[in-house]
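What follows draws every value from the coordinates through simple rules; no lab data is involved. Since this is a predicted model, take the numbers as computed values, not measurements. Don't worry about glycine lacking a Cβ; one is built from the backbone with ideal geometry, like all the others, and counts go over all protein chains shown.
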Amino acid sequence: MLLRVHRYLTAAFALGASLCMAAIFLIVLINSLRRYFMGRSWPWGEELPVYLAIYGVMFGISMAVMQERHIAFRILTDFLSPRLQRMTALAVDLMTVAVGIILARSGLLLIESRGARDASGLVTTMRGLSRDFDMPWIAQLGTLGPWQFALVIGGVMLSIAACIQFLTRLFTPAPEVTP
């Protein structure tokens, strides 16, 4: 059961990162072609890829934790016995859960203090779309709040990934070491 959850979460994080990167590619490509052939680009085409990249990174770090492909300084732990290496890895997983919680909390505080500020490249377009489609909620996408929310989502995903990794490591028997 735990391995299935591990596999599905890894796939979900990979899908999120992939969709963000594909959207960035398409926006930059289309905006570049518009600038080249039409002499003008979309005003939001410069700023939106930056925000999508932040979301993509948040999905990517969560996937990296699940796959244990994150940056690790193993110069000291490689000299430890396998039992101590495992205990250190479990401690790191718990610390990563804490870091994810702190990141999510920091994101919420950032939104609270600056989330209503206009996202300069998006605000005019989003207000126009909000008027055109008579959907007031679209105007909120022209503020920084929805884009700063990436930190909250990233923190939650990181905490979940580290928690699942901790449980997987805890309940998976350690490999036997042969002398």
Problem - Helix-only [θ]222 nm of the chain, DSSP H runs n ≥ 4, -39500 (n - 2.57) each, per residue, nearest 500 - result: -25500 deg cm²/dmol
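Cα-based Rg of the chain per 2.2 N^0.38 Å, rounded to two decimals?
The reported ratio for this selection is 1.32.
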Handout entry: Nearest-0.05 FRET efficiency for Ser32 and Arg7, computed from C-beta distance (R0 41 Å)
Key = 0.65
Handout entry: Nearest-ten-degree value, helix 2-38 long axis tilted from longest Cα axis of the chain
Key = 30
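How about region 1-106: which GluC sites (Glu not before Pro) there are in a DSSP loop, with at most 13 other Cβ atoms within 10 Å of their Cβ? Present the calculation step by step, with values, prior to reporting the outcome.
Numbers: sites: Glu46, Glu47, Glu68; in loops: Glu46, Glu47, Glu68.
Sparse-neighbourhood loop GluC sites (Glu not before Pro): Glu68.
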Handout entry: Residue range of the chain that is longest and free of trypsin sites (Lys or Arg not before Pro) which are both DSSP loop and sparsely packed (at most 13 other C-beta within 10 Å)
Key = 118-179
Practice task
Find the centroid of the Cα atoms in region 96-135 and in region 17-33, then give the distance between the two in whole Å.
Solution key: 21
Practice task
Tabulate in residue order the Karplus-calculated ³J(HN,Hα) for region 73-78, using 6.51 cos²θ - 1.76 cosθ + 1.60 with θ = phi - 60°, rounded to whole Hz; enter x for Gly and Pro.
Solution key: 9, 9, 4, 8, 5, 5
Practice task
Could you check which residue among Gly60, Gly154, Gly115 shows the biggest mean-square fluctuation in a GNM of the chain with a 10 Å Cα cutoff?
Solution key: Gly115
